[in-house]
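Have a look at the structure below before the remarks.
The values are calculated or read from the model by the stated rules, or taken from the named source; none is laboratory data. Note that this is a predicted model, so its numbers are computed, not measured. We place every Cβ from the backbone using ideal geometry, glycine too, and count neighbours over all the protein chains shown.
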């Protein structure tokens, strides 16, 4: 199932304006429901998506490999891990945590959504798109979505799920494809009352310059993640276990998501980094058997070849690097923690950071774009690592092996999930 063909030119602008008109009407019906009724319905939808045998999960497993280039095992395992904890109860807890409950009563603060929220999606990871689309609906705001080019499936599949559960919810969500380079079409899309955009920093800047007040603008830009290995996981069975977990974080979605680690920072010396790199290479080789890598385009393949060659030159020149190259992965042990390009598609640098302060120093240059830090082996120092990473800008610190499974309540980009999209009113006696 897709969002259908993209209307062109003036046709796209007109269709978007008609869709906004329909959604404003549908939004009125949606807000006639209580918050509790909407949360219950959305909870049922989440429970459907958690079921691997459900219609949306089957459709994604069949269609996303062709659209995004992932292999089917990666899609199926990635969705199972990402959606495993996204239950109806998790949605209720999120609402309670951020907004204080689903019914008004004697509450001192009232929360609601905007009439229509426009959602500009990017990337190819369906769980991320699902969360972005559900948030405004939980606030009883109708949603107009522009599906991502590499994931044309999630938005229309969600609308179908909503319609099966509630005609009102189904009518309050539409997905339309159009060329975002078309200024008139984009202007029509941005006529919504609230605009959510995901994508590159350049995309966000362009959208933000046009989604001016009184519209609410919420942006989720370029982010990247790292892993860190402490002394308690530097050797033996603990190292092998940590590397197996890290290999899963890397292999899922072929290292293309904002939660995919691009580097492993080792709180030890160069010998520790070389030992970790060897173990990680072995783990990625094992992971390939059950989670084969998908397609790699010419540009990405060239970037990988360039960085692999550069690392091999450093290795030949003075042993400043050790390269472990497989058919579908590259692991480079680096003698330092200097910033270097990340070609992705299962290319991981294992960098020598020295100690915990060294790990944080290596993360510091990435602070404004830091999404998550996966960690193992820090023991009692784990709390200090988490505090330091959070101070730099990380919005999530988690165990290795769980980086691709954020909770529904994860404060993406340091923001709440619902709060950025909500209109709040304090009622004083």
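What to note about this one:
- All of 180, 163 fail the test of being touching a helix residue (DSSP H, G or I) at 6+ places or on another chain (Cβ under 6 Å), surrounded by fewer than 24 Cβ atoms within 10 Å (Cβ to Cβ), on the phi < 0 side of the Ramachandran plot and at pLDDT below 95, apart from 180.
- For the range 63-76, the count of residues that are under 24 Å from residue 169 (Cα atoms) and surrounded by 22 or more Cβ atoms within 10 Å (Cβ to Cβ) is zero.
A quick yes/no check of all residues on (1) closer than 21 Å to residue 288 by Cα; (2) in contact (Cβ under 8 Å) with a residue 24 or more places away in the chain:
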position	(1), (2)
40	no, yes
55	no, yes
58	no, no
70	yes, yes
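- Residue check for residue 31: in contact with a strand residue (DSSP E or B) (Cβ under 8 Å, 6 or more places away or on another chain), over 19 Å from residue 152 (Cα atoms) and either surrounded by fewer than 20 Cβ atoms within 10 Å (Cβ to Cβ) or modelled with pLDDT under 95 (or both): yes
- Which numbered condition residue 202 fails, given (1) out of contact with any helix residue (DSSP H, G or I) (no Cβ under 9 Å at 6 or more places or on another chain); (2) surrounded by fewer than 16 Cβ atoms within 10 Å (Cβ to Cβ); (3) in contact (Cβ under 8 Å) with a residue 40 or more places away in the chain; (4) not assigned by TED's automatic domain parsing to the domain that holds residue 339: (3)
- Considering residues of the range 346-369 that are crowded, with 23+ Cβ neighbours inside 10 Å and closer than 30 Å to residue 71 by Cα only, the residue nearest to the chain's Cα centre (by Cα): 346
Conditions (1) modelled with pLDDT of 95 or more; (2) touching a helix residue (DSSP H, G or I) at 6+ places or on another chain (Cβ under 8 Å); (3) not in a strand (DSSP E or B), marked per residue:
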site: 351; (1), (2), (3): yes, yes, no
site: 359; (1), (2), (3): yes, yes, yes
site: 380; (1), (2), (3): yes, no, yes
site: 384; (1), (2), (3): yes, yes, yes
site: 391; (1), (2), (3): yes, no, yes
site: 401; (1), (2), (3): yes, yes, yes
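Residue by residue, here is whether (1) free of Cβ contacts under 8 Å to residues at least 60 places away in the same chain; (2) over 22 Å from the mean Cα position of the chain (by Cα); (3) not assigned by TED's automatic domain parsing to the domain that holds residue 346 holds:
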| site | (1), (2), (3) |
| --- | --- |
| 231 | no, yes, no |
| 237 | yes, yes, no |
| 240 | yes, yes, no |
| 247 | yes, no, no |
| 250 | no, no, no |
| 254 | no, no, no |
| 259 | no, no, no |
| 279 | yes, yes, no |
